[in-house]
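S.K.: The structure follows.
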Amino acid sequence: MNKKKTLINLLLQKYPALTSDKWRIKAVSGVSAGSFYAEATANIKFIARFAGKDQRLLGIKRQKERKILHQLTQFIAAPKVLGANNDWLLLEWMEGKAVTDTTYSLLGLYQPLSRILASLHSFPLSGYSLHLKQHLASYWYQIDRRRPSANWLNLHHFSTCLPT
């Protein structure tokens, strides 16, 4: 079964009154390849995050993401988890405005964004450690050998020399 069908099945379980033709699903650009926007009505909107084989190879674990988001329910910038299964994580759609004029807009965003990040860092640790060195090492064995640039190779060499 393809991604879209598995997502539609989950959405139909959550909203049995809606038929599959009511759902509009499109990929979300600018984020990981596994994120989709799903909308049935003006009030029923989701971000659906796929947890396929490619995501798992990269160390992405939607169950872990779900648990961390449940821990952050009081955090203003954390979406609510609205549903999940083995393949998908359904998150609340958070309204916002796309930044188009980056030179002007980013200056106005720095201060509020820094406040949001500071408040995030006041939350207790999630209990999950990040093993970045191991992740980088595993990526090294998975990449196509024709792709690394000289800068990438230098960065990889530098990261492998770091103490653990």
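Just so you know, all these numbers are worked out from the coordinates, no wet-lab data involved. This one's a predicted model, so the numbers in the text were calculated from it and none came from an experiment. As a convention, Cβ positions derive from the backbone with ideal geometry for all residues, glycine included, and neighbour counts pool all protein chains shown.
S.K.: Quick check on region 3-92: take the gyration tensor over C-alpha atoms, sort the square-rooted eigenvalues as a ≥ b ≥ c, and tell me if it's rounded (a/c under 1.5), prolate or oblate.
M.R.: Taking the square roots of the gyration eigenvalues as a ≥ b ≥ c, region 3-92 is oblate.
S.K.: Can you list the HN-Hα couplings for region 139-147, worked out from phi with the Karplus curve (6.51, -1.76, 1.60; θ = phi - 60°), rounded to whole Hz and with x for Gly and Pro?
M.R.: Each residue's phi maps through the Karplus curve to give 4, 4, 7, 9, 7, 6, 5, 7, 8 Hz.
S.K.: With the contact rule set at Cα under 8 Å and sequence spacing of 6 or more, what percent relative contact order holds for region 3-92?
M.R.: Relative contact order, region 3-92: 23 percent.
S.K.: Still on this structure, please answer the following. Measure nothing but the geometry: give the 0 to 90° angle between the long axis through the Cα atoms of 62-71 and the longest principal axis through the Cα atoms of the chain, rounded to 10°.
M.R.: Roughly 80 degrees between the two axes.
S.K.: If you don't mind, another one. List 115, 147 from most exposed to least, where exposure is judged by having the fewest other Cβ atoms within 10 Å.
M.R.: 147, 115
S.K.: List the chymotrypsin sites (Phe, Trp or Tyr not before Pro) in region 29-87 that DSSP assigns to loop (not H, G, I, E or B) and whose Cβ has at most 14 other Cβ atoms within 10 Å. Which are they?
M.R.: In loop regions of region 29-87 (DSSP not H, G, I, E or B), the sparsely surrounded chymotrypsin sites (Phe, Trp or Tyr not before Pro) are 75.
S.K.: Let me ask something else about it. Residues with amide H under 5 Å of residue 35's amide H, sequence separation 5 or more or different chain, H placed in the peptide plane at 1.01 Å from N; which?
M.R.: Sorted by chain and number, the residues that satisfy this are 28, 50.
S.K.: Another one. Test of understanding: what is the full-extension gain from residue 9 to residue 139, defined as 0.36 nm times their sequence separation minus their Cα-Cα distance?
M.R.: 43.6 nm
S.K.: Let me ask something additional. Return the whole-Å distance between the Cα centroid of region 13-52 and the Cα centroid of region 106-147.
M.R.: Their Cα centres are 25 Å away from one another.
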